[in-house]
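*Asks:* Got a structure for you, questions after.
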Amino acid sequence: MNREARSARGNLHWQPPADARERVDALMPVYRRFVTATLEPIVKAHYPALLENASNEYRKMVELSTKMMLVGHACTELDDYPYDERRQRIACLFGCCCFLADSFIDDFGDEATKAYLARLEQLFATGWFELRNERERLFYVVVSRLFAERDILEPTLRQAILRLFEAQRRDVDMRFLETRVKELPRPQRLALLKRCARDRSGHAIILLAAFLLPHLSLDYMRLIFVAGALIMFIDDHGDCYADRADRRVTYMNALERPEPALKRIFFSHIQKLAQGFRPAAGRDLLIAFLTRYYVTRLQKHREQRRLRGPAWAVYE
């Protein structure tokens, strides 16, 4: 990994300094412990079966929430606010919400996906939906705690919530129109897949930032959207073979040569972040994390290709 990390950094016109890379390494275990201390009591109280899930879902939820905590740290520092315990808790709860929402969309079949979107729209419209199982109860409890941290009627935050929901709905609609999508010319189909991936994760990170910060400038949103989009492309490459096994088409697993494509995406997106954000600890932390994440997911992709195994949670 050290060789690949040096190679990735060596191709950048700007690279994260050593202290930023060391800071990422130091913060990840700290935030992993914070996530466990925050989420485990909630899970035990409302969905204890998740802790013993055969698919190791709890571990995956912890890893995603840890990642969101570090990204949230960078988002906060980019705007010169302290990443205090309240903001750490928000990022942790947000990661848990993302994990559960993604599972409703991806893991239980088409009818469950449609039902989730309809019920989520009902939640936004009325503040409530009837709970059908413990997983939904956990989701509602975590969402309620997250929403209690901010005035969700604040225009930027409200718009960010709805934009993420619309991005999720477009992504799902495209799955149900799979036959029609396959009939599109290949460049058009790839462009559509790429836009769906970009929007779903880009709007997710804007929403995270909107929960953490009192105001978001247009320049800030534009750049943090770039960071979010890059995370999705990296994630999809890491899960390429697992997604194919589940017959889930993504932009990255639809490419004939995904690794060179991801390399181009990575360098172009990092360059935008390095040039767009002013030099500061938050910028360095964000780019150091993205660089490390890119390298570990390249390794994950290669290991999955070798083992042909299912997706798993991995950071190191």
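*Asks:* Please list, in chain and number order, the residues 5+ apart from ASN53 or on another chain whose amide H is under 5 Å from its amide H, with Hs placed from the backbone.
*Replies:* Placed amide hydrogens put TYR58 under 5 Å from ASN53.
*Asks:* Can you tally the net charge around TYR31? Count Lys and Arg as +1, Asp and Glu as -1, for every other residue whose Cβ sits under 11 Å from the Cβ of TYR31.
*Replies:* +2
*Asks:* Let me ask another. Hey, if you drop one equal point scatterer on each alpha-carbon of the stretch 2-307 and run the Debye formula without solvent, what base-10 log of I(q)/I(0) do you get at q = 0.13, 0.15 Å⁻¹?
*Replies:* At q = 0.13, 0.15 Å⁻¹ the computed log10 ratios are -0.97, -1.34.
*Asks:* Something else about it: May I ask you to evaluate 6.51 cos²θ - 1.76 cosθ + 1.60, the Karplus curve with θ = phi - 60°, for each residue of the stretch 23-35 and list the ³J(HN,Hα) values in order in whole Hz, giving x for glycine and proline?
*Replies:* Taking θ as phi minus 60°, the curve returns 5, 4, 4, 6, 6, 4, x, 5, 6, 5, 5, 4, 4 Hz for the stretch 23-35.
*Asks:* Evaluate Rg over Rh across the stretch 116-201, taking Cα atoms for both radii and Kirkwood's formula for Rh.
*Replies:* Result: Rg/Rh = 1.07.
*Asks:* Short version: ³J(HN,Hα) in whole Hz for each residue of the stretch 192-207, in order, from phi by Karplus 6.51 cos²θ - 1.76 cosθ + 1.60 (θ = phi - 60°), x for Gly and Pro, what are they?
*Replies:* 5, 4, 5, 5, 4, 5, 4, 5, 5, 8, x, 6, 5, 6, 4, 5
*Asks:* Is the shape of the stretch 63-212 best called rounded, prolate or oblate, per the rule: a/c under 1.5 gives rounded, else a/b larger than b/c gives prolate, else oblate, with a ≥ b ≥ c the square roots of the Cα gyration tensor eigenvalues?
*Replies:* Oblate is the answer for the stretch 63-212, as a/c is 1.5 or above yet b/c matches or exceeds a/b.
*Asks:* When the dipole is taken about the Cα centre of the chain, and only Lys, Arg (+1) and Asp, Glu (-1) are charged at their Cβ, what size is it in debye, to the nearest 20?
*Replies:* Using Cβ point charges on Lys, Arg, Asp and Glu, the chain gives about 1000 debye.
*Asks:* Sticking with this one: Report the relative contact order of the stretch 2-307, percent, no decimals, based on alpha-carbon pairs under 8 angstrom and at least 6 residues apart.
*Replies:* In percent, rounded to a whole number, it is 25.
*Asks:* I've got another one for you. Calculate one ³J(HN,Hα) per residue across the stretch 42-49 by plugging θ = phi - 60° into the Karplus curve 6.51 cos²θ - 1.76 cosθ + 1.60, and present them in order as whole Hz with x for glycine and proline.
*Replies:* Coupling constants for the stretch 42-49: 5, 5, 4, 6, 10, 7, x, 4 Hz.
*Asks:* Quick one: grab the alpha carbon gyration tensor of the stretch 221-290, order the square roots of its eigenvalues as a ≥ b ≥ c, and give me rounded if a/c is under 1.5, else prolate or oblate depending on whether a/b is larger than b/c.
*Replies:* Since a/c reaches 1.5 and a/b is larger than b/c, the shape of the stretch 221-290 is classed as prolate.
*Asks:* Would you calculate, for the chain, the mean residue ellipticity at 222 nm contributed by helices, counting each DSSP H stretch of 4 or more residues as -39,500 (n - 2.57) and dividing by all residues, to the nearest 500?
*Replies:* Helices in the chain give a 222 nm mean residue ellipticity of -26000 deg cm²/dmol.
*Asks:* Between LEU190 and ARG33, what is the spin-label point distance in nm, taking each point 7 Å from the Cα along the Cα→C-beta axis?
*Replies:* So the label points at LEU190 and ARG33 sit 4.6 nm apart.
*Asks:* Past the 30 Å Cα-Cα mark, which pairs from LYS44/LYS194; LYS182/LYS272; LYS44/LYS114; LYS44/LYS67; LYS67/LYS272; LYS114/LYS263?
*Replies:* Pairs exceeding 30 Å: LYS44/LYS194; LYS182/LYS272; LYS114/LYS263.
*Asks:* Note the direction-averaged projected area, equal to a quarter of the hull surface, for the Cα convex hull of the stretch 68-135, in nm².
*Replies:* 5.9 nm²
Values in this text are rule-based calculations from the coordinates and carry no lab data. Values in this document were obtained by computation on a predicted structure and should not be read as measured data. Cβ atoms come from the backbone with ideal geometry, glycine included; neighbour counts cover every protein chain shown.
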